[in-house]
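The values are calculated or read from the model by the stated rules, or taken from the named source; none is laboratory data. Bear in mind that the values here come from a model prediction, so they are computed numbers and not experimental data. As a convention, Cβ positions derive from the backbone with ideal geometry for all residues, glycine included, and neighbour counts pool all protein chains shown.
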Amino acid sequence: MLSFLLVRLAPGSPFASERELPQQTVDALNRAYGLDQPIPVQYVRYLSGVLRGDLGPSMSKPGRSVAELIGNTLPVSLVLGSLALGFGLLVGLALGILAAVKPNGRGDRLAMAVALIGICLPSMVMGPILVLIFGLELGWLPVVGWGRPENLVLPVITLGSTYAAYIARLARGGMLEELSRDYIRTARAKGLSEASVILKHALRGGVQPVVSFLGPAAAGLLTGAFVVEKIFQIPGLGEEIVNAAQNRDQFMILGCVLLFGGLMVIFNTLVDVVLAFLNPRIREQGGSV
């Protein structure tokens, strides 16, 4: 509702162009898209369409629907986001475990320094740096395009590096807390190897802060992909939402808001299920701990 009102009340017109259109043409377009009705009527009509699975027509691309545009571009963004999330998990967990095994040692300081760099460099800065070094100077990797494995490397690293940094810090904190528990000392006293203690016992509880972070992170990866897709010219949903914002394509903007809201609900639900599996207390109490 808030997004609908903001889009409708924002100044400007989706039909504005360099050449001013005749008023009769503008009035006809407003009638065709239902924008001549009062805002409450527009809202009810839009909601009734959404309940039927109709997200409305695209204003910037006549003849095409919002659902069609999202269906054509969302798979690309999902592939990019999934790979970036996998990269962030792999690198972040490795750095976090390395830092927690010997706290305040060289490995800990190095891992947290790398994590700090990842947090301080947003994707809009990281992307051009990687393009300059590995694309233009060294010529190892392509800087634009989609469809080949080598096209994935720089966008995935750009998008996943920030999340890898946050995961590393969360994993370090969770592992340090878990390694100080009594059952870990008991496992070590029984003569279990350090690798077995960490991977089989401490990791299950130590990753719970990371799992809690993954819900909003997964949705954030899709929204953050807008900048990355623009930098590397990837034909994903980011290109469509940027064009929609620039062209005031109201139905496309609202469709993407609904999409990301739904994805957030799905991701958070999955996180709750995984947390209940990792922590028996959550299952017993029927809530989160």
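All told, Leu83 falls short of being over 30 Å from Asp249 (Cβ atoms) and either in a helix (DSSP H, G or I) or touching a Phe, Trp or Tyr at 6+ places or on another chain (Cβ under 9 Å) (or both).
Just wondering, is there one or more residues in the stretch 171-182 that are in the same structural domain as Val211 (by TED's automatic domain parsing), exposed (fewer than 12 other Cβ atoms within 10 Å of the Cβ) and at negative phi? Scanning the stretch 171-182 turns up at least one residue that is in the same structural domain as Val211 (by TED's automatic domain parsing), exposed (fewer than 12 other Cβ atoms within 10 Å of the Cβ) and at negative phi.
Among Val131, Val125, which is the only one that is β-branched (Val, Ile, Thr) and without any contact (Cβ under 8 Å) to a residue 60 or more places away in the chain? Of Val131, Val125, the one residue that is β-branched (Val, Ile, Thr) and without any contact (Cβ under 8 Å) to a residue 60 or more places away in the chain is Val125.
When you check Gly147 against the structure, is it modelled with pLDDT under 85 and closer than 23 Å to Val227 by Cα, yes or no?
yes
Run down Arg169, Arg204 and say which single residue is modelled with pLDDT under 80 and over 15 Å from the mean Cα position of the chain (by Cα).
Arg204
Taking the stretch 92-124 as the range and being modelled with pLDDT of 85 or more and either within 15 Å of Leu154 (Cα to Cα) or not hydrophobic (A, V, I, L, M, F, W, C) (or both) as the test, the residues that pass are Gly92, Gly96, Arg109. Filtering the stretch 68-87 to residues that are out of contact with any Pro (no Cβ under 9 Å at 6 or more places or on another chain), surrounded by fewer than 17 Cβ atoms within 10 Å (Cβ to Cβ) and within 24 Å of Gly49 (Cα to Cα) leaves Glu68, Gly71, Pro75. Beta carbons closer than 6 Å, at least 6 apart along the sequence or on distinct chains, pair a first residue in the stretch 28-43 that is in contact (Cβ under 8 Å) with a residue 40 or more places away in the chain and assigned to a helix (DSSP H, G or I) with a second that is of a type in the set (Phe, Trp, Tyr) and surrounded by 15 or more Cβ atoms within 10 Å (Cβ to Cβ) for Tyr43/Phe4.
Determine if the stretch 100-122 includes at least one residue that is touching a residue at least 12 places away in the same chain (Cβ under 8 Å), in a helix (DSSP H, G or I), assigned by TED's automatic domain parsing to the domain that holds Val79 and among the basic types (Lys, Arg). There is no residue in the stretch 100-122 that is touching a residue at least 12 places away in the same chain (Cβ under 8 Å), in a helix (DSSP H, G or I), assigned by TED's automatic domain parsing to the domain that holds Val79 and among the basic types (Lys, Arg). Across the stretch 46-67, the number of residues qualifying as surrounded by 13 or more Cβ atoms within 10 Å (Cβ to Cβ) and assigned to a helix (DSSP H, G or I) comes to 5. A Cβ distance below 8 Å, combined with a sequence gap of six or more or placement on separate chains, defines the contacts here; from the stretch 50-69, residues that are touching a residue at least 60 places away in the same chain (Cβ under 8 Å) and within 21 Å of Leu29 (Cα to Cα) reach residues that are basic (Lys, Arg) and surrounded by fewer than 17 Cβ atoms within 10 Å (Cβ to Cβ) in the pairs Pro57/Arg64; Ser58/Arg64.
Answer yes if at least one residue in the stretch 99-117 is loosely packed, with under 15 Cβ neighbours inside 10 Å and among the β-branched types (Val, Ile, Thr), and no otherwise.
Yes.
Here Phe251 fulfils each of the conditions (1) part of a loop (DSSP other than H, G, I, E, B); (2) touching a strand residue (DSSP E or B) at 6+ places or on another chain (Cβ under 9 Å) apart from (1).
Mind checking whether some residue in the stretch 128-150 is surrounded by fewer than 17 Cβ atoms within 10 Å (Cβ to Cβ) and of a type in the set (Lys, Arg)? The answer is yes; a qualifying residue exists. Checking each residue in the stretch 147-204 for being farther than 30 Å from Leu130 by Cβ, free of Cβ contacts under 8 Å to residues at least 40 places away in the same chain and hydrophobic (A, V, I, L, M, F, W, C) picks out Ile184, Ala187, Ala189, Leu192, Ala195, Val197, Leu199, Ala202.
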